[in-house]
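Here the structure is laid out as structure tokens; the discussion comes afterwards.
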Amino acid sequence: MQCYKMAFFLSLLFCPLLASAAGVAIAGTRVIYNEQSHEADITVKNTNPHDPVLIQSWVDDLADNNKSPFIVTPPLFRLDAGDSNDLRVLLTSAQLPNDRESLFTLNIKVIPANTAPAGENILQFAIKNQLKLIYRRQDSRARRSTRRSTCAGTSVATTCRRRMPPPIM
């Protein structure tokens, strides 16, 4: 009985190592698309040493209605074992607000290869990663810096006191 308990706890100890041994690594947690750069990119790497994966990528707005002004190239591709590839995000229409940043989601779905022999039952999971895609206008940085410079306040020792306008009720 004691041997079974020890084997169970050791298997629980090594389960996370097996789960992290194979997969796809995405280089970042968000993508910032600056207006003047005309594109943004993010690197996807297959860390599995043996099996290829299929990568599908697209951009959604926050309402999830698939009406995004962005496209991702390549939208669907095979990523071999140990290889990496860059996903490029391109703007297709410029009908975005001029006075603020816009937020979208970049979806990256990882579909594993079927390596089981024919006729054998297996269970596979396709993992969908969602990253924030932030669209920044060129003039929004200038507005932010002027807002900071016009902020009234005093600095006392290591604390900062600011005069804030009264809340709107």
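Structure above, values below:
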{"quantity": "³J(HN,Hα) computed for each position of the range 100-108 - Karplus, 6.51 cos²θ - 1.76 cosθ + 1.60, integer Hz, glycine/proline x", "calculated": "7, 6, 10, 10, 9, 10, 9, 9, 10"}
{"quantity": "Extension gain from LEU90 to GLN130, taking 0.36 nm per residue of separation minus the Cα-Cα distance", "calculated": "12.7 nm"}
{"quantity": "Amide H contacts under 5 Å for ALA113, placed H, 5+ residues apart", "calculated": "LEU54"}
{"quantity": "³J(HN,Hα), Karplus 6.51/-1.76/1.60, whole Hz, each residue of the range 126-137, x for Gly, Pro", "calculated": "9, 9, 10, 9, 10, 10, 6, 10, 10, 9, 10, 6"}
{"quantity": "Cα Rg over Rh - the range 32-89, Kirkwood", "calculated": "1.05"}
{"quantity": "Partners for LYS45 among lysines (Cα-Cα distance below 29 Å; same-chain residues under 8 apart left out)", "calculated": "LYS67, LYS109, LYS128, LYS132"}
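No lab work stands behind these numbers, since they all come straight from the coordinates. Predicted model, so just to flag it, every value in this text is computed and none were measured.
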